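Shown next, in structure tokens, is the structure this report addresses.
Just so it is clear, none of the values below were taken in a lab; they were calculated from the coordinates. All of these numbers come straight from a predicted model, not from anything done at the bench. Virtual Cβ from ideal backbone geometry, glycine too; neighbours counted across all protein chains shown.
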Amino acid sequence: AAAALALILVGASASQAAQVAPHRAAYELTLDRATSASDVIDVIGTMDFEWADSCNGWTVKQKSLMTVGYSTGESAELGWNLLSWEAKDGLKYRFLVRDLQNGAMADQFKGEAALDGPGRGGKAVYSVPEKKVVRLPPGTLFPTAHSLKLLQNAEADHTLLWEMVFDGSDAKGLFGVNAVIGRRQIQQ
């Protein structure tokens, strides 16, 4: 989701394919509000994001660190690091994801995935935490391909998009993403 928000549309018209511009961004994260029934009462943290062009693919580096305050008075430090590479044709993907809790690594996922062609299925092969194969159904997208499709839909004024996306962020790594695209906001 953060990757999709961080995209920059570069000179694309409705007849051109959407493109991304290599960039870095840093975000401060805070909880705006919580309901009275919520267990979480405070969140503060940072997220650093870098999207780079690596000739035949895109690399993404993302690092998040948050302190979450709970209604019990306890708090936890939660972090997430992602390093990934995705081929520009959207058919190959490599990933390393680390989840951190209170300074210690809670989970780690590493592997690579490939699709058999545009719109076709494929498989992801995890090497960490253990060797495992996940079948990817036809139509699966990797994160950059999904972000580009979001931009293409926005340019074409298509307001809804639902796709299966594989990112390797957990033991399954595959999930449905539903997006609602609002009207373009032009700031003066």
Go ahead and estimate [θ] at 222 nm for the chain from helices alone: -39,500 (n - 2.57) per DSSP H run with n ≥ 4, summed, over the residue count, rounded to 500. -2500 deg cm²/dmol
List the pairs from K110/K132; K61/K131; K63/K88 whose alpha-carbon separation is above 21 Å, in the order I gave them. K61/K131; K63/K88
In nm, to one decimal, how far is the S127 label point from the A156 one, both placed 7 Å along Cα→Cβ? 3.7
The stretch 106-152 - charge dipole about Cα centre, Lys and Arg +1 at Cβ, Asp and Glu -1, debye rounded to 20: 120
Could you grab the Rg to Rh ratio for the stretch 56-95? Cα atoms only, Kirkwood for Rh. 1.31
If you average 1/r across every pair of different Cα atoms in the stretch 60-179 and take the reciprocal, what Kirkwood value do you get, in Å? 15.6
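Using the crude model of +1 on Lys and Arg Cβ and -1 on Asp and Glu Cβ, and no other charge, please compute the dipole size for the chain relative to its Cα centre, in debye to 20. Mind dumping the intermediate values first?
On the way: 18 positive and 21 negative charges, 130 e Å.
Using only the charged Cβ atoms, the result is roughly 620 debye.
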Longest segment of the chain with no GluC sites (Glu not before Pro) in a DSSP loop having at most 11 other Cβ atoms within 10 Å? 1-73
